[in-house]
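What follows draws every value from the coordinates through simple rules; no lab data is involved. Treat the numbers as computed from the prediction; the structure is a model and nothing was measured.
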Amino acid sequence: MSAATFAERRAALGFCLQCWLTLLLLAILVWASFAYLSLDLARLFRAESGRGMLQFVMRFFPPDTSAEFLRKSAKGMLETLAISAIGTLLAAGAGLLLALPAAGRLGPVLKAVTRLLLNALRSVPELVWAALMVLAAGLGPFAGTLALALHTSGVLGRLFAESLENAPPEPARSLGESGAAPGLAFVYGTLPLVTPQLVAYSLYRWEMNIRMATVLGFVGAGGLGQMLYYELSLLHEPQASSVIIAMLALVVVVDVASAWVRRRQMPQGG
């Protein structure tokens, strides 16, 4: 056996040994987590547990399809849609304004301060923002809109700033050398290059905010989530089933609409 072949086998054996040790460590951590949390997954596969889960699911059927409750669900859908749309729109505007200094276009000091602000906004979850806004603005859609706008501003601001940093500088530089003001050079030289990416980011966050807007209702931020919490708290399973179906329908419609808009943006971005 040559020295090279022996070295290769030794290296392969060492790699495999490292893999097995890593898997063993992960298995020990998973077992320790189950033991610490006292989780008994075996209970899920017992016949008694299966019957209980089936009985629980069957309580949600058939959904409530009365005209009055359908009108109420439709109003909740529109409210949830409005919360997510307005919150995302406000966040897109604020994110673009914060992205300019965060991308270093207004100096290093403002860049550091703005990035710290963006980190603070997005590090606080939407549910925490919603709880704070409910205390500040009261129950209802306004609190949910503010919560989504605050958190999403931090997310979009960071994404927009990275898009501006990665944009080719040549078009704006050429306009500046031709005598254009810095603002005009940015609007006509840089912004058209990143607009499709900014739109795609905003649409993606809108899809996420639709789902999150339904969750924020559990802390009193309005929309379908608040309806679902109310019906579940009263053990009205058929009504809760109708609300859940309305949530799914709203998410599907928004996903299809945003995907269509993104496809329309692709030729412009290419």
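Across all directions, the average flat footprint of the convex hull enclosing the Cα atoms of the stretch 49-122 is 8.7 nm².
The spread of Cα positions in the stretch 127-270, taken along each principal axis and listed from longest to shortest, comes to 69, 35, 17 Å. Tell me which label goes with the value of mean projected area of the Cα convex hull in nm² computed from the coordinates here: (i) 24.3; (ii) 25.7; (iii) 16.3. Here the calculated entry is (ii). Taking only the alpha carbons of the stretch 179-227, we obtain Rg and Dmax values of 18.2, 58 Å in that order. Just so you know, the Rg over Rh for the stretch 87-172 is 1.08, from Cα atoms, with Rh as the Kirkwood radius.
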